[in-house]
Amino acid sequence: MREAILKVFRGTPVEAGKFITYKVPVEEGMVVLDAIHYIQGYLDPELSVRWNCKAAKCGSCSAEVNGDPSLMCKTRMDQFAEGEEITIEPIKTFPLIKDLVTDVSFNYEVNKQIPPFCPADDATWIFKQEDIDRVQEFRKCIECFLCQDVCHVLRDHERKDAFWGPRFFVRSAGVEMHPLDCGNRIPLLEEQGGLGFCNITKCCTEVCPEEIHITDNAIIALKERVVDEYHDPLAALLRRVFKGK
Amino acid sequence: MNQTTTSPVPAKLGATSRSNAWLIEPAVIFCGFALFVCYVTWRALYDWQYIEWGPYLSPFFSPKLIFPGWQWSPAILLLWEPAAFRATCYYFRKAYYRALFLDPPACAVGHLGGHKYTGENRFPLILQNVHRYFLYLALTVLALLWVDAFVACSYRGHIRIGVGTVVLTVNCLLLSFYTCGCHALRHLVGGRLKCFSCSTAAHGQFKIWQCVTRLNERHALWAWTSLGTVAFADFYVRMLAAGVWTDISLLQL
Ligand code: SF4
Ligand code: SF4
Ligand code: FES
Ligand code: FES
């Protein structure tokens, strides 16, 4: 039987991290998460990993496989060449708890800052599919936080103090574009969410396992709304003239 | 089991655990930019005597601006507009932030800048937000280029379609795909609405938004192909004007 070589990161916040190499038999249809489970079951029961569904739907098993932020349960073993060393590391943007498990609570704190969906009191609750298509794309998000992990504003520039990250622009766009929503989160996104830090380099879109067009459909659409409110003198003038404000 | 100690966090420029060829994309884009900028600079500043031949006018020199007393290249008066439009384009921003500014060079690849990074929040990059104003100008320029393509269909009072007519028309077509797939246009024509079906006017805007969206999905493709055709259209007219190439007539009435 073919064997895969897995170089897995092991460590805790107090011990220096190290890579341990394991040899795992490869079966047909196997994914990286299966290989990690094999290690846990037969070679090293101490290895920590977070997972739930093994169906790419819970967003728990995010890791960096050969440096690419990916879901371990969606990364097939047959894509690696025979004898290739497969490196598996935790997502690097969030603090390490142990081995492949990180503390992603930053994301839950950001989420609390977004004003939720607020329909008008007299909303009819009838809308057309064409009005909800945009929102449905954003609702596919499984909160794997791979986009948060890869975003260079959080990852390399460490701007967690001033930047919400792509996942929360997706969530904001989902409520902002809802036909029944009456809120306006644009000033908050600009002033608190740090939308202007995003330089639209699209890494979030590249890694999203749900294939949400994060940059094109959520972030750029929000940036254009910010332009409407903050950077377009002509639009401001027209608003004044036509709304008599 | 075999152990090696390392830290998981990349800190340096180019530091990454990625094992695939991540360098190729920024390198190819860098070369594409370099090639185009060199060609345009040479044409606009040093080789600008060849701007038209017969009914064909090079897109770099359209509309034809001739002022008494202006003894420099007319391209100087014109090319700032497409340059500013493309420099503030959301796709090209992505391309040069990666390939030129290396911020980031590729996804999950370490780079410099640290915590003082300000993105598009401060001068000068906050100026990217004027993109829609350059879009208004670009739409005007595009209309003038279509006029040039139309003019290129006749010569000395007769209808004549030459290879040059095809070259200029294909260029206009690709420039239209690029310009009409603009993200700012997508927002302005309908993307800014919360509800697409709430009024007849909104529904009309939705239909336009759908067309712009279809072009927008391939925005990078149109961005590069139109860059290629505009340079080729200019080169073709230049070669005719310099007498090096002859235009083949495809149809004459
Ligand atoms: S497009 Fe913006 S949000 Fe997405 S990874 Fe790049 S900088 Fe971050
Ligand atoms: S937007 Fe995509 S990458 Fe980001 S958390 Fe949601 S599913 Fe994951
Ligand atoms: S285990 Fe649920 S997404 Fe991988
Ligand atoms: S976004 Fe590319 S032309 Fe406007």
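The values are calculated or read from the model by the stated rules, or taken from the named source; none is laboratory data. Everything numeric in this text was worked out from a predicted model, so none of it was measured. We place every Cβ from the backbone using ideal geometry, glycine too, and count neighbours over all the protein chains shown. Heads up: the accessible areas ignore ligands, DNA and RNA and are worked out on the full protein's heavy atoms, side chains in. Shrake-Rupley method; radii C 1.70, N 1.55, O 1.52, S 1.80 Å.
Okay, here's what the table says:
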item: Candidates A:Arg239, A:Arg155, A:Arg159, filtered to the one that is open to solvent by 20 Å² or more (accessible area, probe 1.4 Å) and within 16 Å of ligand 2 (Cβ to nearest atom); result: A:Arg155
item: Helices (runs of 4 or more DSSP H) contained entirely in region B:171-253, each with at least 3 residues that are open to solvent by less than 30 Å² (accessible area, probe 1.4 Å) and within 14 Å of another protein chain (Cβ to nearest Cβ); result: B:183-186, B:200-216
item: Subset of region A:40-76 [over 18 Å from A:Ile97 (Cα atoms), assigned to a helix (DSSP H, G or I) and either more than 8 Å from ligand 3 (Cβ to nearest atom) or β-branched (Val, Ile, Thr) (or both)]; result: A:Gly41, A:Tyr42, A:Leu43
item: Count - residues of region A:1-42 that are within 25 Å of the chain's Cα centre (by Cα) and at the interface with chain B (Cβ under 9 Å from one of its Cβ atoms); result: 5
item: In region A:110-145, residue nearest to ligand 1 (Cβ to nearest atom) [restricted to those that are assigned to a helix (DSSP H, G or I), free of Cβ contacts under 8 Å to residues at least 40 places away in the same chain and of a type in the set (Asp, Glu)]; result: A:Asp133
item: Positions within region A:203-236 being under 17 Å from A:Ile142 (Cβ atoms), more than 14 Å from ligand 1 (Cβ to nearest atom) and either within 10 Å of another protein chain (Cβ to nearest Cβ) or buried (at least 21 other Cβ atoms within 10 Å of the Cβ) (or both), in sequence order; result: A:Pro209
item: Lone unmet requirement of (1) within 20 Å of A:Cys208 (Cα to Cα); (2) more than 13 Å from the chain's Cα centre (by Cα) for A:Asn111; result: (2)
item: Tally, over region B:102-117, of residues that are without any contact (Cβ under 8 Å) to a residue 60 or more places away in the chain and more than 22 Å from A:Thr205 (Cβ to Cβ); result: 3
item: Test: residue in region A:124-133 that is within 15 Å of ligand 3 (Cβ to nearest atom) and either at pLDDT below 95 or open to solvent by less than 40 Å² (accessible area, probe 1.4 Å) (or both); result: no
item: Residue within region A:49-69 that is more than 19 Å from the chain's Cα centre (by Cα) and outside the structural domain of A:Arg139 (by TED's automatic domain parsing) present; result: no
item: Subset tally (residues that are open to solvent by less than 40 Å² (accessible area, probe 1.4 Å) and modelled with pLDDT under 95) for region A:13-39; result: 1
item: Listing of helices (runs of 4 or more DSSP H) fully contained in region A:146-195 that carry 2 or more residues being more than 8 Å from chain B (Cβ to nearest Cβ); result: A:146-150, A:166-176, A:186-191
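Residues checked against (1) of a type outside the set (Lys, Arg); (2) within 11 Å of chain B (Cβ to nearest Cβ); (3) under 28 Å from A:His157 (Cβ atoms):
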| position | (1), (2), (3) |
| --- | --- |
| A:Glu64 | yes, yes, yes |
| A:Asp68 | yes, yes, yes |
| A:Thr75 | yes, no, yes |
| A:Glu84 | yes, yes, no |
| A:Thr87 | yes, yes, yes |
| A:Thr93 | yes, yes, yes |
| A:Phe106 | yes, no, yes |
| A:Glu109 | yes, no, yes |
| A:Ala120 | yes, no, no |
